[in-house]
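The values are calculated or read from the model by the stated rules, or taken from the named source; none is laboratory data. Every value quoted in this text rests on a predicted model; they were computed, and no experiment measured them. Methodologically, a virtual Cβ is constructed for each residue, glycine included, from the backbone with ideal geometry; neighbour enumeration extends over all protein chains shown.
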Amino acid sequence: MRLNAFFYGYLLALPLFLASCSDDDLKKADAIALKKVSLSRDRTLGVEIIYSDSALVKAKGYAPILDKVTPSNGSIYQEMPKGVKIDFFDEKGNINGDLVCDYAIRKDAELKTEFRKNVVVKSAKGDTFSSEELIWDEQKKIFYSNQRVYVKGVDGNLGDGINFRAPQDFSTYEMETGSGELNMKEGIAP
């Protein structure tokens, strides 16, 4: 007798459940399904990338994993989920700086590369720049960030700020809302 009561209760509840599904819900599901984007991902392991300008090697990078991602609609991009290490070279071919990070993405159409997570750059002068994000604009040949950037000078000076900008050789830099500590040398005449 109990089984029959359960069965009849189920039969009575089923039309109520079906009636609660409206055509609007089905239309919303169709709209979501139409926005689906498919991605094609080609993975390469142990990639070395060389950047040259006017037939001179300016930088050489290494990424343990490089994924070339081609969306069904949108621009192609290259993702380096395990980070990248880049050595910068002077005119004579000597290493004069480097960049390391835990993640990078290069947006081909924009000619920009975003370096993220534990980004550290050492310049030719020996200054060290660190941030959670630095963006390299290939066309403008600059690095910039809206995130906080910390600078440790070779002379021991420390500084940090936001809205960071520097030429791609990090020879100079500027930032806003900065703070820092300066080491003053003794014996400097006024």
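Brief remarks follow.
- Hey, LYS125 in the same structural domain as ARG43 (by TED's automatic domain parsing), under 23 Å from LEU45 (Cβ atoms) and outside any strand (DSSP E or B) or not: no
- The stretch 54-93 - residue that is assigned to a loop (DSSP other than H, G, I, E, B) and modelled with pLDDT of 90 or more and, of those, farthest from VAL154 (Cα to Cα): PRO81
- Number of the condition not met by GLU91 [criteria: (1) surrounded by fewer than 17 Cβ atoms within 10 Å (Cβ to Cβ); (2) free of Cβ contacts under 8 Å to residues at least 24 places away in the same chain]: (2)
- Filtering the stretch 30-40 for residues that are at pLDDT 60 or above and small (Gly, Ala, Ser) leaves a non-empty set.
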